[in-house]
Amino acid sequence: SLMITGERRIGKTTFLHHLKRVLAEDEAGEWRFFPVFVDLQGVPEESFFHALMAETVDALELSPATRQALRFTPQAEGYDARNFSHDLQQVIAELRTRTARKVKLALLIDEVDVLNEYSESVNQRLRGIFMKSFSENLVAVMSGVGIRRRWKSEVSPWYNFFDEIVVEPLSR
């Protein structure tokens, strides 16, 4: 997984949209990527995991059977990391039926700076998602101006699972 950081208005969001298209069209290699773009701007902490799953459900056009198996509903209230983890397993199970190749759900998350304002608890739960048994089928490319590197917990922070790339302004 990657974290792309750089100043505002330099092309990070454009890059994520381009990456989404390239990954969706990729027919080579051992992995089949299913990219999902998520913009976190304006997403409150209590809706974080719901927002991730809402974009996933919309982008992947899941079957009625999978949608029924999800804990996800249009209402964000009460949808937490446990529900998100459960639903990711259901989504990945369906994606495996769509291809003979290995599956990677690619979350392309923009405005990741919003995590700086979230509680350490939510950040730890995000870390836990990348530690689950299905994590080999999950990858994320996050972009933002920067992640605050204050971490009080004894476990390593979620961003330790990411390679960081600092981007200079892109030319047209």
Query raised in the report: So between His86 and Gln41, what do we pick up on full extension, going 0.36 nm a residue minus the alpha carbon distance?
Result: 13.7 nm
Query raised in the report: How many nm separate the modelled label positions at Glu117 and Gln68, each set 7 Å beyond the Cα in the direction of the Cβ?
Result: 4.0
Query - Which of Ser143, Ile129, Trp31, positive extreme of dipole for the chain (C-beta unit charges) - result: Trp31
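What accessible area per residue, rounded to a whole number of Å², is obtained for the chain using a probe radius of 1.4 Å?
Roughly 55 Å² per residue, with all protein chains present.
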Query raised in the report: Amide H neighbours of Leu138 under 5 Å, counting only residues 5+ apart in sequence or on other chains, H built in-plane at 1.01 Å?
Result: Leu105
Requested in this report: Working with all protein chains in place, sort His50, His18, His86 by solvent-accessible area computed with a 1.4 Å probe, largest first.
Outcome: His18, His86, His50
Query raised in the report: PRE reach from Glu30 (point 7 Å along Cα→Cβ): which of region 84-100 fall under 18 Å by backbone N?
Result: 96, 99-100
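Starting from the residue with the highest accessible area, list Leu107, Leu19 in decreasing order, probe 1.4 Å.
Working: Leu107 5, Leu19 35 Å².
From most accessible down to least: Leu19, Leu107.
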Report task. Putting +1 on Lys and Arg Cβ atoms and -1 on Asp and Glu Cβ atoms, find which of Pro44, Ala65, Pro169 reaches farthest to the positive end of the dipole of the chain. Result -> Ala65
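Carbon and sulfur: what percent of region 12-156's accessible surface (1.4 Å probe)?
Roughly 48 percent, rounded to a whole number.
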Query raised in the report: For the residue pair Glu168 and Ala93, what label-to-label distance in nm results when each label sits 7 Å from Cα along the Cα-to-beta-carbon direction?
Result: 4.9
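The values are calculated or read from the model by the stated rules, or taken from the named source; none is laboratory data. Just so we're clear, the structure is a prediction, and the values are computed from it rather than from any experiment. All Cβ positions, even for glycine, are placed from backbone atoms using ideal geometry, and neighbour counts span all protein chains on display. Keep in mind that these areas ignore ligands, DNA and RNA; they rest on the heavy atoms of the full protein, side chains included. Shrake-Rupley method; radii C 1.70, N 1.55, O 1.52, S 1.80 Å.
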